[in-house]
1. Which residues, taken from the range 124-146, are in a helix (DSSP H, G or I) and closer than 13 Å to G90 by Cβ?
2. Kindly list, by first and then second residue, each pair from a residue in the range 96-116 that is modelled with pLDDT of 75 or more to a residue that is charged (D, E, K, R), limited to pairs with Cβ atoms under 7 Å and residues at least 6 apart or on different chains.
3. In the range 59-95, which residues are free of Cβ contacts under 8 Å to residues at least 40 places away in the same chain, aliphatic (A, V, I, L, M) and open to solvent by less than 40 Å² (accessible area, probe 1.4 Å)?
4. Is it the case, given these coordinates, that P140 is surrounded by fewer than 19 Cβ atoms within 10 Å (Cβ to Cβ) and either within 22 Å of D55 (Cα to Cα) or at pLDDT below 90 (or both)?
5. If D49 satisfies every condition in (1) modelled with pLDDT of 50 or more; (2) more than 21 Å from L150 (Cβ to Cβ); (3) open to solvent by 50 Å² or more (accessible area, probe 1.4 Å) but one, which is the exception?
Amino acid sequence: SSSSRRRSGRVLARMTPKGRASEHPSSRRHLIQGLPMIVGFAGGMLKGDALAAEDMKTYKEKTTNLIKEMRQTLDAEEALKPEIELRKIGQNAAKFSKEWIGRYFGKGKAPDQISYKAVSEALSLLGQFYQKNGPSSRLPTELIDNIRDLLDTAANQLETVS
């Protein structure tokens, strides 16, 4: 069985049976690193079924909030804010990302495939980058621009949805 080191009641790391420390599976890094797999899996399950009006309103609200938070994080990244500030700003984006993923990935229903696919691809690009380069790596300008374009596509599509 694995044991955990604790400080102030919070799990910092998990010790593997061979005595090596590993991050707790609920850490932000694990969420980001798992995005490519989740997006690939969910993309294949997308059916484009229509949502009820109330569900559509919730989808639009949740997706709009996620886009806003992701844009703020990209703005901070582009402005070369110190890492501590980036982490603070990025925590909100991570919170909205987790909620959005929990609600819409692989659920088989999306109000429109354009916004769903654009946001999924943006999350996937971030996940792939951080998985390859580490959680503290700075995003290259080209990647920021690509993600912004995807977020703009999603936001524009959401504006046309009633």
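The values are calculated or read from the model by the stated rules, or taken from the named source; none is laboratory data. Every value quoted in this text rests on a predicted model; they were computed, and no experiment measured them. All Cβ positions, even for glycine, are placed from backbone atoms using ideal geometry, and neighbour counts span all protein chains on display. When the accessible area is computed, the model is the full protein with side chains, heavy atoms only, and any ligands, DNA or RNA have been set aside. Shrake-Rupley method; radii C 1.70, N 1.55, O 1.52, S 1.80 Å.
1. As a first pass, look at the range 124-146 and keep what is in a helix (DSSP H, G or I): 124-133, 141-146.
The answer is L126, Y130.
2. F96/E69; E99/K62; W100/K62; R103/K62
3. Passing the criteria: A76, L86, A93.
4. Details: surrounded by fewer than 19 Cβ atoms within 10 Å (Cβ to Cβ): yes; either within 22 Å of D55 (Cα to Cα) or at pLDDT below 90 (or both): no.
It is false that P140 is surrounded by fewer than 19 Cβ atoms within 10 Å (Cβ to Cβ) and either within 22 Å of D55 (Cα to Cα) or at pLDDT below 90 (or both).
5. Going through the list (1) modelled with pLDDT of 50 or more; (2) more than 21 Å from L150 (Cβ to Cβ); (3) open to solvent by 50 Å² or more (accessible area, probe 1.4 Å), D49 breaks only (1).
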